[in-house]
Amino acid sequence: MLKIKDLKAGIEDNQILNEINLEVNAGEVHAIMGPNGSGKSTLAAVIAGKDEYEVVGGSIDFEGEDLLELSPEERAHKGVFLSFQYPVEIPGISVSNFIKTSITELRKATGMKPIPTKDLLKMMRDKMKLLNIKNGYLSRNMNEGFSGGEKKRNEIFQMAMLDPKLSILDETDSGLDIDALRIVANGVNKLKSKNNATIVITHYQRLLDYIIPDFVHVLYDGKIIKSGGKELAHELDERGYDWITKEANKK
Amino acid sequence: MSLIENLKSYSEGINVSSDKKKLLTSFFEKGFPTIQDEEWKYTSLKKLISEDYSIGKNGSILSDLDISNHSLGFENKIVFSDGKLISTPKIKGITFSDFSDFECSTADTFLQLNSALANNGFTIKVDSNTIVDEVIEILFFTNTENSFNQYRNQIIIGDNAEIKFVEKIQNLSNSTSFVNHFTQIDCGKNTNVEYNKIQNNTENSKLIDTMNIFQKEDSTCNINTLIFGGSFTRNNLNFEQNGSNCESNMNGVSILDKNQLADNHTFVDHKQPHCTSNEMYKGVYLGNSKGVFNGKIMVRQDAQKIDAFQSNNNLLLSENSTIDSKPQLEIYADDVKCSHGCTIGQLDEDALFYMRSRGIGITEAKAVLTYAFASEAIENISILEVKLLAQKLLAKKLNVDLDFSV
């Protein structure tokens, strides 16, 4: 589904990603872990198409298409979804209006008929149940005055509504208490299928107790320095990152 | 010919009272204001007054289709065609009548001109204790090409009455038209009034709209001004609070493109204690458009415990658009709360990326954020039809097929 080859990217003159290689197939869950400043969020932003990052080398192929050639909205139309580490507050637009606009535009771009507002609202209510979201939420302004946990839940709610092929969860666990974490993880697990894939970006192993990864990658200094199975996450939790970075530096 | 020459030749052919003659003589002596005039510093009248206008002519007869095409669909309509009042509704407790002259002393050139020569307009008298549920729609149609029209309207609202209006000035051709509009509202004690102005005229239409509102104690008056169309719009909105516990609310939304200009001058005169004023003007500027905002708040010495709030927020969405914004606070009382804020900015890049990452195209994302920016003022409008129209016109102006009403 996603093939990242020798990806180099940065901001202005500051190169942050140095030759990232990653392949994600349908049905898989990949975790990307790493210390602060290792480039985790940059990788997420580059996949989603944030234009302040400049790609200076390498390629990203998504289902046979050159993702780097596409605008952020076109990437979304192809099925790429980024759950933001810091979701943006948009005063003046209700959650329902935002989601309706998003779904309408997505369907328009992919040649599907618009969903009647009534059906869309029903769909929203169903997905709200999945994430234990209370009534009244749809008419609130997008992320405005939301707690950290509510914002993250709102991201997963959008993911549930948009039904993407590839979801990138950027630090979705930060700012969540244990109950919220469980609800969010449960939501992600329920949305998982053999046709979609998830990249979970996280600092801590905690989230991976709930969303079990097939692969764990350690990102350090803009490179994936180690990959392994879910047990790697446990090892990182016990031993920290130092031993791997030392190992990498030796090489 | 220029407007002043048009006015000279028109006034020579009619009889006016000696008082009006005096006004005219002084008007012809001093002429129209220039940008040297503080009140017109950012808005040049040069082009507007250099054009040739026809005055006092009637065009073809208005069709029912013209009316229904431009109406918001309210049943109770006051309709004007080229100055002539052609229909009024019948509502219990309200008297509708044609133009009747009333005094208004003023130093303003356009008001003086209006006082001297206007002979069209309406008079509405609302009986005390009349609560009107229906919205009254007032439509002014211009049917003659290149016409100059002046309306002089008065609304007198009896104590404890409640009423809502929607006003539209509509040019039926693409030719130029210029309306010098004046409305006075006298709000009785404990009244509640809402007046909505939909300024969405054709591309070559010009408007100078002055509204003077006099409020008695315990009255609330809401004026909403929505500017989408017309090449030149100047609004002078003046409130005078003559009793305690008055509330004056203003909401303005301007969405301009091409070479449009819109100038909102507001003035709230707090003369009595325990009153409030609330002012929220939002401007969105595209193309080569230009906005002007001048908000004056006067708090007189006896007007203690005043709570006055003013905000003017502007979005400049193009390289060549401009806004001149000037808050003006004059406070002579010592126990008051006055705040004002003015912002000028662009759309938030992070929010744009957020929306695009959700599949919303860049044009649509910009439109949604622009709507979000303006919505605070639009939400204050109590009439659903007006709110929906504002949403529709905003989408149209920003070239998107989006429905903001969910």
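Once C-alpha pairs closer than 8 Å and six or more residues apart are averaged by separation and normalised to the residue number of chain A, the relative contact order reads 28 percent. The mean count of C-beta atoms from other chains within 10 Å of the C-beta of residues in A:83-94, rounded to a whole number, is 5. For the stretch B:5-77, the set of GluC sites (Glu not before Pro) satisfying both a DSSP loop assignment and a count of at most 14 other C-beta atoms within 10 Å is given as B:GLU75.
In this structure, B:ASP133 and B:SER405 have a Cβ-Cβ separation that, at R0 = 22 Å, corresponds to a calculated FRET efficiency of about 0.45. Multiplying the residue separation of A:LYS246 and A:ASP209 by 0.36 nm and removing their Cα-Cα distance gives an extension gain of 10.7 nm. The A:ASP61 and B:SER18 beta-carbon pair, evaluated with R₀ = 60 Å, returns a calculated FRET efficiency of approximately 0.10. On the basis of the beta-carbon distance and an R0 of 35 Å, B:ALA333 and B:GLU75 show a calculated FRET efficiency of 0.20. Kirkwood Rh over Cα pairs of the stretch B:185-230 into Stokes-Einstein at 20 °C, 1.002 mPa s: D in µm²/s? This corresponds to a translational diffusion coefficient of 178 µm²/s.
The ranking of B:ILE227, B:ILE124 from fewest to most other beta carbons within 10 Å of each one's beta carbon is B:ILE124, B:ILE227.
Counting only the Cα atoms, the stretch A:2-250 fills a convex hull of 125 Å³ per residue. Think of the stretch A:61-104 as a dipole: +1 on every Lys or Arg Cβ, -1 on every Asp or Glu Cβ, centred on the Cα centre; then among A:ASN97, A:GLY79, A:LEU68, A:ASN97 lies furthest on the positive end.
The alpha carbon centroids of the stretch A:1-63 and the stretch B:251-270 are separated by 47 Å.
Report the label-to-label distance for A:ARG239 and B:SER318 in nanometres (one decimal), using points 7 Å from each Cα along the Cα→Cβ vector. The answer from the label model is 6.3 nm. When you work out D = kT/(6 pi eta Rh) for chain B at 20 °C and 1.002 mPa s, using the Kirkwood radius from C-alpha pairs as Rh and the Stokes-Einstein form, the result is 98 µm²/s. Modelled spin labels at A:ILE11 and B:ASP64, positioned 7 Å past Cα toward Cβ, are 6.5 nm from each other. Legend note: in chain B, cysteines whose Cβ sits 4.7 Å or more from every other cysteine Cβ are B:CYS104, B:CYS187, B:CYS221, B:CYS338, B:CYS342.
Spin-label model, B:LYS47/B:PHE309: points 7 Å from Cα along the beta carbon direction are separated by 3.7 nm. Across the stretch A:147-162, the residues whose backbone nitrogen lies under 14 Å from the label position 7 Å along the beta-carbon direction of A:ILE115 are A:157-162. When the Gaussian network model of chain B links Cα atoms closer than 10 Å, the mean-square fluctuations of B:SER311, B:SER325, B:SER339 top out at B:SER339. Within chain A, DSSP assigns beta bridges of which about 55% are antiparallel (rounded to the nearest 5).
Here the stretch A:49-71 is scanned for amide nitrogen atoms under 15 Å from the site 7 Å beyond the Cα of A:GLU19 along Cα-to-Cβ, giving A:57-59. Each pair of Cα atoms in the protein assembly as shown enters the Kirkwood radius, and Stokes-Einstein at 4 °C and 1.567 mPa s then converts it into a translational diffusion coefficient of 46 µm²/s.
DSSP beta bridges fully contained in the protein assembly as shown are about 15 percent antiparallel. The alpha-carbon atoms of the stretch A:1-68 define a convex hull whose volume equals 78 cubic angstrom per residue.
No lab work stands behind these numbers, since they all come straight from the coordinates. Bear in mind that the values here come from a model prediction, so they are computed numbers and not experimental data. Here the Cβ is made from the backbone with ideal geometry for all residues, glycine too, and neighbour counts use every protein chain on show.
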